[in-house]
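A short worksheet on the structure shown next.
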Amino acid sequence: MLSSPQRKPFSPRAVLVITLAVGVLLFGALFTGILVLTAAIKPVMIAAFLRQVVGVDPATWPHTTLVTWVSMAITALILLTFGAVISGATVWWEMRVSARMQSRIGYNRAGAGGFLQWIADAVKLLFKEDLIPAEADQLLFRVAPYFVMTGFALTFVALPFGEGLVAADLNVGIFYMVAVTALVVVGILLAGWSSNSKWALFGGMRAAAQVVSYEIPAGIAIMVPVLMAGTLSMQGIIRAQGAWPWQWFVFTNPAATVAFLIFFISQLAEGNRTPFDLPEADSELVAGYLSEYSGFRFALFFLVEFGNLWVMAAVLTTLFLGGWQIPWVSAADWTAARGALGDLPGAGWWGLQLLSMLVMVLKTLVVLNVIVWIRWTLPRIRIDQMMNLCWKYLVPFAFAAFVFTLLWQVLLARVPLLATFTGFIMTGLFVAMAALFGRQVKANIAASGDHVDLTNW
Amino acid sequence: MPLTPLQTYFPIGLVLLVGSGLALVLLLLANVLGPRRPNAAKMSPFECGSVPVGSARDRFGVKFYVVALLFIVFDIEAVFLFPWAVLSTELGWAGYVEMLIFVATLVVGLAYVWKKGVLDWAE
């Protein structure tokens, strides 16, 4: 055994300061980058910037196109870096939460509260041997991580962060999201098949069957907010909702609540999250389609899996939970703050953008946290149960919600007040349920003789 | 200068390049930094430590293919629903009735598949 105690180079206080500095600087830089760049790469903004700050006429200046492309490339890089960093931070959060839920210690070595662990892991994986099994299909085995990575990266094009904060507000927004996330399963299937390992093959086939099945209820459930908003654009769907809970799609239409639950469950299944982690089921399939992957190729799969949690949560927030809408700020206020369209916007507009980003990020983090809770609360289901749940429950209910929304929209055209009325009732019901849940949890904690301890973090 | 419809899709191509470029750079970096000491045991597929029995390129349960077929039918249906959902208010009653008939056809299809036992995975 060690004769002398391990030497610690930093005092606990210094570790805390370093961790906080890394966290704040990293996320501060990324969010500032997203805030400024996603707003600034719009052609109107670039033209205004060139005219007012650089002092050239954008129409005749020879480098306008170059500036546009370079700023777009930087934005893409920042968005991807954000994806990677949020993926790492999610892993950290998940490990800390799971440790608390299972009365373990969890990450606590690298940085305060183990926050720097994901950076250490990423660096470690860079220095690991990258194995390709001898009998594997070399080409497919190498190509699979690229499919997974691009499928993940492409979602950030249409993912909104705030009112004007989206790389490209595509008019087919949500349809595009569904299309590019499907690329991930192609990568998973390729990984499973090409490994030439039985575990990997089973994992890949299960993933294909699962993701492909749950795409159906998810696709039909998406139709409900699309019908209510009358557009596929992510920003358009958010603009059709209000800032207060009773103005969110999830509460203004009873069928939308059902659609929300169906979409949430389908997203869990498509992201291979517990209780739908059959493709990776570590107690039966070793690591499923990932079994033969090592080194950084493995890291890319891992990054996408956890980064997708953010995408999932942000899409849910967009479709059903009012997105970035700020209370008391109407569409007219946004236009007023923006000023003349040819000019650069003032500080007020940037402040509003920052606020909208804050709202969006907070809501997304809350949803993300629920996804993490679910993973550590529910056991894995069997493959026949997984199939039954999808085809015998979710698909019929999704169809029912869709048809109900059709009629609901007709009804709303006659009685517009119905949406507000339903919104209040549903919000009230939700608050009552949340209160009951909280009371039950409190009673359970008291009954077991335990107490809530937030100091031991 | 407003964007032409095609130009709004340029960022997608750019992100495709940047995304795969990032993956490529990271994998190359790992290639350079990581060790390379292969041996026969390391390069064989993992089968819980024992010598692999047979090949993994084997026949597979037909259930998976049936699910894939079902997926194609219902996913194409979803593709039809998307453009309709955007225009539903303009299409009016005729549009509603048509969509109800379309959805009803699919529900009948689902009921048929259900009755045939395709959805019973356990058998």
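Contact map, region A:284-301: first residue basic (K, R), second residue part of a helix (DSSP H, G or I) and surrounded by 24 or more Cβ atoms within 10 Å (Cβ to Cβ), Cβ cut-off under 8 Å, separation 6 or more or different chains; pairs are A:R297/A:P145. Filter region A:132-145 down to residues that are farther than 14 Å from A:F301 by Cβ and within 11 Å of chain B (Cβ to nearest Cβ) and give me whichever is surrounded by the fewest Cβ atoms within 10 Å (Cβ to Cβ). Here the residue is A:A134. When A:N171 is tested against (1) part of a helix (DSSP H, G or I); (2) at the interface with chain B (Cβ under 8 Å from one of its Cβ atoms); (3) surrounded by fewer than 24 Cβ atoms within 10 Å (Cβ to Cβ), exactly one condition is not met: (1).
Inside region A:183-201, can you point out the residues that are under 19 Å from B:F71 (Cβ atoms) and within 9 Å of chain B (Cβ to nearest Cβ)?
If we filter region A:183-201 for residues that are under 19 Å from B:F71 (Cβ atoms), which is where we start, we get A:183-190, A:192-193.
Scanning region A:183-201 gives a single hit, A:W193.
For region A:347-421, give me every one of the helices (runs of 4 or more DSSP H) that falls completely inside it and has 1 or more residues that are within 18 Å of A:N272 (Cβ to Cβ). Full working, then the answer.
Working: elements: A:347-377, A:383-388, A:395-414.
Qualifying helices (runs of 4 or more DSSP H): A:347-377, A:383-388.
Take the residues of region B:39-60 that are surrounded by 12 or more Cβ atoms within 10 Å (Cβ to Cβ) and not aromatic (F, W, Y): which is modelled with the lowest pLDDT? Taking the candidates together, the pick is B:A56. Scanning region B:69-102 for residues that are over 19 Å from the mean Cα position of the chain (by Cα) and touching a residue at least 12 places away in the same chain (Cβ under 8 Å) yields B:W84, B:M99, B:F102. Please state which one of A:A259, A:A229, A:A240, A:A255 is over 23 Å from A:S356 (Cβ atoms) and within 13 Å of another protein chain (Cβ to nearest Cβ). Unique residue meeting the criteria: A:A259. Put simply, of B:L28, B:L14 the only residue that is farther than 30 Å from A:A413 by Cβ and more than 7 Å from chain A (Cβ to nearest Cβ) is B:L28.
Please verify whether region A:414-423 includes one or more residues that are facing chain B (nearest Cβ under 8 Å) and either polar (S, T, N, Q) or surrounded by 17 or more Cβ atoms within 10 Å (Cβ to Cβ) (or both).
Within region A:414-423, none of the residues are facing chain B (nearest Cβ under 8 Å) and either polar (S, T, N, Q) or surrounded by 17 or more Cβ atoms within 10 Å (Cβ to Cβ) (or both).
Screening A:V97 with (1) more than 10 Å from chain B (Cβ to nearest Cβ); (2) crowded, with 18+ Cβ neighbours inside 10 Å; (3) touching a Phe, Trp or Tyr at 6+ places or on another chain (Cβ under 9 Å); (4) in a helix (DSSP H, G or I) gives one miss only, at (2).
In region B:40-50, is there at least one residue being within 30 Å of A:V172 (Cα to Cα) and not in a loop (DSSP other than H, G, I, E, B)?
Taking region B:40-50 as the starting set, the residues that turn out to be within 30 Å of A:V172 (Cα to Cα) are none.
Scanning region B:40-50 turns up no residue that is within 30 Å of A:V172 (Cα to Cα) and not in a loop (DSSP other than H, G, I, E, B).
Any residue at all in region B:50-60 that is hydroxyl-bearing (S, T, Y), more than 9 Å from every other protein chain (Cβ to nearest Cβ) and under 30 Å from A:Y293 (Cα atoms)? Yes, that holds for at least one residue.
For A:V166, state whether it is touching a helix residue (DSSP H, G or I) at 6+ places or on another chain (Cβ under 8 Å) and either part of a helix (DSSP H, G or I) or over 30 Å from A:S71 (Cα atoms) (or both). When the stated conditions are applied, A:V166 does not pass them. Of the listed requirements (1) surrounded by fewer than 16 Cβ atoms within 10 Å (Cβ to Cβ); (2) at pLDDT 85 or above; (3) among the aliphatic types (A, V, I, L, M); (4) within 30 Å of B:V53 (Cβ to Cβ), A:V123 misses just one: (4). Working carefully through the options B:V108, B:V73, B:V118, find the one that is more than 8 Å from chain A (Cβ to nearest Cβ), surrounded by 15 or more Cβ atoms within 10 Å (Cβ to Cβ) and farther than 15 Å from A:F402 by Cα. Going through B:V108, B:V73, B:V118 in turn, just one is more than 8 Å from chain A (Cβ to nearest Cβ), surrounded by 15 or more Cβ atoms within 10 Å (Cβ to Cβ) and farther than 15 Å from A:F402 by Cα: B:V118. Quick check on A:P327: is it crowded, with 17+ Cβ neighbours inside 10 Å and assigned to a loop (DSSP other than H, G, I, E, B)? No; evaluated as a whole, the condition is false for this residue. For region B:76-102, a residue qualifies if it is surrounded by 13 or more Cβ atoms within 10 Å (Cβ to Cβ), small (G, A, S) and within 20 Å of A:L411 (Cβ to Cβ), and the qualifying residues are B:A85, B:S88, B:G95.
The values are calculated or read from the model by the stated rules, or taken from the named source; none is laboratory data. Nothing here was measured: the structure is a model prediction, and the numbers come from that model. Quick reminder, even Gly has a Cβ in these numbers, built from the backbone with ideal geometry, and neighbours come from all protein chains shown.
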